[in-house]
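Nothing in this text is a laboratory measurement; each read-out follows from the coordinates by a stated rule. Nothing here was measured: the structure is a model prediction, and the numbers come from that model. Methodologically, a virtual Cβ is constructed for each residue, glycine included, from the backbone with ideal geometry; neighbour enumeration extends over all protein chains shown.
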Amino acid sequence: MKRGILVVLIACFFAVSAGYADITADTVPPLPDTANPSVSDSPQETGGHDKILFQLGGNFTLGYPQNEFRDNVDKIGLGGTAYFALNFPRSPLAAGISIGFLTYGKETDERPFSPSIPDVYVDVTTTNDIFLGHLFLRIQPYRGIFLPYVDGFFGLHSFTTETKIKDQGDNEEIASTTNLRDTALSYGIGTGLMFRVSAKNKNQGDRKSGEAYIDLGIRYLKGGEAKYLKEGSIEVINSQVNYDISKSVTDILTAHIGLMFTF
């Protein structure tokens, strides 16, 4: 698995490098034609983007626990990721922030509202979630229909297990509690491919504001040691709550598909 991920990352890095080399050769501004003053050397005709562009993206995300984390949690996490990035003018570099959320466990039980009211039942739901927050640096060509990229990440993994009591009639929340919360530092690398599906002017190669791209990618995130709960970790025996707390490094592989917009 790790060797395959490394091969994909290296291949995408060379694809980005080759793509940027090609567009750099194509976008070197020509010298002004002093013999013909009518020839324009405006930025639109010489290529390249001379202003800062922003990326705003949202993805559906799957999370696959790795290493020690996988030994304790054998379920795939489901959730989403949103990110915002700034593209530097005439550069393959972008910097931004990414925020993600994965649910890796959920249990719902029907229980009596209280020992004194045993004929009224409520739903007791426990969810196990991971918050993924990272700063990232991206290498990506700034022109073309297909845009491969490589990302580097640094941030944190935050684990939360919460239990809520809800009315069975209207699903209104009656009470809630946080059973456990812990945080670990995280860093990693990612790669992916964007392809344009909408543009204001498809005849121009450079990225412009108002464009939309499909975004496909993977990330391998190394997470530090943290405490967390999983499905089945909370037991109520003779009115006493018992917690089976796990502790390990929190490595995770994510895969996503979504949309990215420039503005």
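Order 172-181, 152-161, 120-129 from most to least packed using the mean count of other Cβ atoms within 10 Å.
Highest to lowest by the protection proxy: 152-161, 120-129, 172-181.
Determine the gain in length on full extension of the stretch Asn171-Gln240; use 0.36 nm per residue of separation and subtract their C-alpha separation, reporting nm with one decimal.
Full-extension gain reported as 22.2 nm.
Suppose every K and R has +1 on its Cβ and every D and E has -1 on its Cβ; what is the size of the dipole of region 106-179 about the Cα centre, in Debye to the nearest 20?
It works out to roughly 700 debye.
Give me the lysines in straight-line cross-link reach of Lys208: C-alpha distance below 29 Å, same-chain residues under 8 apart excluded.
Qualifying lysines at Cα under 29 Å: Lys51, Lys200.
Students often get this wrong: which residues of region 154-171 have the backbone nitrogen under 13 Å from the point 7 angstrom along Cα-to-C-beta of Thr125?
162-171, by backbone N distance to the label point.
In straight Cα distance, which lysines are under 19 Å from Lys166, not counting same-chain residues fewer than 8 positions off?
Hits, sequence-local ones excluded: Lys106.
List the relative contact order of region 115-263 as a percent without decimals, with contacts defined as Cα pairs under 8 Å and 6+ residues apart.
Value for region 115-263: 21 percent.
With each label point set 7 Å from Cα along the Cα-Cβ vector, what nm distance links Tyr187 and Leu78?
Between Tyr187 and Leu78, the label points sit 3.4 nm apart.
Mind putting a number on the dipole of region 74-233 about its Cα centre? Charges go on the C-beta only, +1 for Lys and Arg and -1 for Asp and Glu, and I need it in Debye to the nearest 20.
1420
Lysines within cross-link reach of Lys222: Cα-Cα under 20 Å, excluding same-chain residues under 8 positions apart?
Lys2, Lys75, Lys230, Lys247
Which one, Ala226, Thr191, Ala175, projects farthest toward the positive side of the charge dipole computed for region 139-231 from Cβ point charges (K/R +1, D/E -1)?
Thr191
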